[in-house]
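A.B. asks: Would you mind keeping the following structure in view while I ask a few things?
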Amino acid sequence: MIEVRTMKTLIIYKSVHRKNTEQIAKVMAAVLEAELAKVEDVRPEMLGHYDLIGFGSGIYASKVHRKLARFIRRMPVENRNVFIFCTSGSGEFKNQQQLTAQLSAKGCKVVAEYHCSGEFSPLGFNLDKKGHPDPLDLQGARSFAENLRKEAYVC
């Protein structure tokens, strides 16, 4: 008899100002039945216990948070399936190819990516992002995670 189980999943994230990324991470973790951890609470050697790892960050000056970037640089080379997600007040995250390349260099396969708007309005800019992530963004994150879950079965 073949036993089918869902992948053991960890979501690592960094969320600072308005906790936009944390909101998205919590929605995804609930759907995936994943463990959820702030990047500063995770040690690289812990990753070996997971089949699927999510990396999430707000975008700061067109980059993921420096603590998440440093964690990825320091993590051991692993053959892992990973997904990335981000929130930003400036539209699409344009440096995801750089993040994907860094993860690929670590032996990871990026299986999916998700982005949504996040409220951040320094000096009154980006007012069109006010209230984000909104219910539609949260539903998008839920759907993204449901699709990951459907594809994330192993024998």
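The values are calculated or read from the model by the stated rules, or taken from the named source; none is laboratory data. Please read all numbers here as calculations on a predicted model, not as lab measurements. Note that we place each Cβ from the backbone using ideal geometry, even for glycine, and neighbour counts take in every protein chain shown.
A.B. asks: Being assigned to a strand (DSSP E or B) and among the hydroxyl-bearing types (Ser, Thr, Tyr) is the filter; apply it to the stretch 47-60 and report the residue that is farthest from the chain's Cα centre (by Cα). Break it down stepwise before answering.
C.D. replies: Here is the first cut: in the stretch 47-60, the residues assigned to a strand (DSSP E or B) are 52-60.
Now drop any that are not among the hydroxyl-bearing types (Ser, Thr, Tyr), which leaves 57, 60.
Numbers: Ser57: 6, Tyr60: 15 Å.
Per the criteria, the residue is Tyr60.
A.B. asks: Tell me, yes or no, whether the stretch 22-44 has at least one residue that is exposed (fewer than 15 other Cβ atoms within 10 Å of the Cβ), modelled with pLDDT of 90 or more and within 18 Å of Arg149 (Cα to Cα).
C.D. replies: Yes, some residue in the stretch 22-44 is exposed (fewer than 15 other Cβ atoms within 10 Å of the Cβ), modelled with pLDDT of 90 or more and within 18 Å of Arg149 (Cα to Cα).
A.B. asks: If I go through the stretch 13-27 residue by residue, how many of them are farther than 13 Å from Asp134 by Cβ, part of a loop (DSSP other than H, G, I, E, B) and out of contact with any helix residue (DSSP H, G or I) (no Cβ under 6 Å at 6 or more places or on another chain)?
C.D. replies: Residues meeting the conditions: 3.
A.B. asks: Then there's this: If you scan the stretch 88-114, which residues turn out to be modelled with pLDDT of 85 or more and either in contact with a Phe, Trp or Tyr (Cβ under 9 Å, 6 or more places away or on another chain) or buried (at least 20 other Cβ atoms within 10 Å of the Cβ) (or both)?
C.D. replies: Correct list: Leu103, Cys108, Val110, Val111, Ala112, Glu113, Tyr114.
A.B. asks: Go through (1) within 17 Å of Thr21 (Cα to Cα); (2) among the basic types (Lys, Arg); (3) in contact with a Cys (Cβ under 7 Å, 6 or more places away or on another chain) one by one and return the number of the condition Lys67 breaks.
C.D. replies: (3)
A.B. asks: May I pose another question? So, in the stretch 32-46, of the ones that are part of a helix (DSSP H, G or I) and under 15 Å from the mean Cα position of the chain (by Cα), which residue ends up farthest from Lys109 (Cα to Cα)?
C.D. replies: Step one: filter the stretch 32-46 for residues part of a helix (DSSP H, G or I), giving 32, 39-41, 44-46.
Those left that are additionally under 15 Å from the mean Cα position of the chain (by Cα): 32, 39-40.
Values: Leu32: 18, Val39: 20, Glu40: 23 Å.
Result: Glu40.
A.B. asks: Let me ask something else. Scan the stretch 21-40 and give yes if some residue there is on the phi < 0 side of the Ramachandran plot, touching a residue at least 40 places away in the same chain (Cβ under 8 Å) and of a type outside the set (A, V, I, L, M, F, W, C), otherwise no.
C.D. replies: yes
A.B. asks: Would you be able to say whether some residue in the stretch 50-63 is at pLDDT below 90, in contact with a strand residue (DSSP E or B) (Cβ under 8 Å, 6 or more places away or on another chain) and surrounded by fewer than 20 Cβ atoms within 10 Å (Cβ to Cβ)?
C.D. replies: no
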